[in-house]
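Scroll down for the structure; my scribbles are underneath it.
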Amino acid sequence: MKRRDILKMAGALGATASNTLTWAQQGAYPNRPIELVVSFGAGGGTDVLARALSEGLRTHLPQPVTVNNKPGASGSIGMTDVARSAPDGYKLIMLTVEATILSHIGIGKVNNQDFTPIARLNFDPSAITVRADAPWNTLEEFLDAARKKPGEVSVGNAGPGSIWHVAATALEAKTGIKVNHIGFQGAGPAVLALAGGHVDSVAVSPAEVSTQVQAGKLKILGVMSEQRVKGFEKVPTFKEKGIDLKLGAWRGLAGPKDMPANVVQTLVAAVNKAVNEPVYKNALDKLNLGEAFGDAATFKAMMDQDSQFFKALATKIDLKG
């Protein structure tokens, strides 16, 4: 073989190797682990849901989805981190209803318009929960105590402007009571504080107190929903008590805005399968997390609607304290 032919062959092989290397480096999405940000502390409903989804996705994506808690500023820190990241699908977020609240009350600048919706996954109503040994056995008794001692009964929440803070503030507006709002970096820490006797109550979801209620350490006095909650059928609704108040938290998977269509399609297909995995469903059932799956269009429409609702609500009641 002539020298020039050998050089041509070597060049061709080099080009092929180079192309192979380039393909391997770029590859099809995803070709490296995906980070799933939870903008609240460990142990709350958002964290549990994210970890359940991560497990469900394990067999439907070629790369693992790793949960990373980034709490602070009622979820604003985690949301800002994801919103400002590259829209390549390698940093996602378990987006919460706070995305439609915080910008309206001056906490951060990020809102639901800064994200690409992938799927809504869950909805849970707020509930008033107290320690099992608390002197109140009914919602009426709790409200009467708050009326008699304005500002003394403490209610824990997931931080100023969080949906659980909004729920407690809305309860004040509806019933004329005044409570002492105590913010934490997520529902999980708030529930631990209640169990430890550091606050009198919390306004988080039934799912987030489920373990402690089952253990006989806490009791739920009422839920802010139209119907009684599955798994907590003995707990009355606020509506049954004559209080027209329905508020709760939704959660869903999202990424930064302007994500490529093929990346979104890959994630949508994987999530559609993951939510039917036993490991995912069992996790939700165990803590009575409300399953409320919705596609990307449904998710976006709901966020837009809620943003307008909370914008109007912020003009009527103080959601900053």
Full-extension gain in nm, residue 311 to residue 28, via 0.36 nm per residue minus C-alpha separation: 97.8 nm
Amide H contacts of residue 292 (H built 1.01 Å from N, under 5 Å, at least 5 apart or other chain): 122, 123
Within region 179-213, which residues have the backbone N less than 15 Å from the label spot 7 Å out from residue 132 along Cα→beta-carbon, could you tell me? 195-197, 209-213
So if I take the centroid of the Cα atoms in region 239-258 and the same for region 261-321, what is the distance between those two points in Å? 9 Å
Over the chain, with the other protein chains present, what is the accessible area per residue in square angstrom, probe 1.4 angstrom? 46 Å²
Mind pulling the angle between the C-alpha long axis of helix 296-314 and the longest principal axis of the chain? Nearest 10 degrees, somewhere in 0 to 90. 40 degrees
Run through the DSSP bridge list for the chain and note the antiparallel percent, rounded to the nearest 5. 60 percent
Roughly to the nearest percent, how much of the accessible area of the chain is carbon and sulfur, given a 1.4 Å probe? 53 percent
If one takes the longest principal axis of the Cα atoms in the chain, at what angle in degrees, from 0 to 90 and to the nearest 10, does the Cα axis of helix 261-274 lie? 60 degrees
What FRET efficiency comes out for residue 173 versus residue 144 if R0 is 25 angstrom and r is the Cβ-Cβ distance? Round to the nearest 0.05. 0.90
Residues whose placed amide H lies under 5 Å from that of residue 68, excluding near-sequence neighbours: 36, 37, 38
Calculate for the chain the 222 nm mean residue ellipticity that helices alone would give, adding -39,500 (n - 2.57) per DSSP H run of length 4 or more and normalising by residue count, nearest 500 deg cm²/dmol. -12500 deg cm²/dmol
Rg [Å, one decimal], Dmax [Å, integer] - the chain, C-alpha atoms: 23.4, 101
Here, trypsin sites (Lys or Arg not before Pro) of region 208-295 satisfying both criteria (DSSP loop; at most 10 other Cβ within 10 Å) are 234
I'd like the orientation of helix 278-287 relative to the chain: the angle between its Cα long axis and the longest Cα principal axis, in ° from 0 to 90, rounded to 10. 20 degrees
Provide the gained length on full extension for the span residue 293 to residue 262, in nm with one decimal, where the gain is 0.36 nm per separating residue minus the Cα-Cα distance. 9.0 nm
Taking N as the number of residues in region 218-321, what value does Rg over Cα atoms divided by 2.2 N^0.38 Å take? 1.35
Residue 286 versus residue 198, label points 7 Å from Cα toward the beta carbon: distance in nm? 2.5 nm
Take residue 66 and residue 273, extend 7 Å from each Cα along the Cα→Cβ direction, and tell me the distance between the two endpoints in nm. 2.3 nm
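The values are calculated or read from the model by the stated rules, or taken from the named source; none is laboratory data. Please read these numbers as outputs of a predicted model, since none were measured by experiment. When we count neighbours, we look across all protein chains shown, and the Cβ atoms used for this are built from the backbone with ideal geometry, even at glycine. All accessible areas refer to the heavy atoms of the entire protein, side chains included, with ligands and DNA or RNA removed. Shrake-Rupley method; radii C 1.70, N 1.55, O 1.52, S 1.80 Å.
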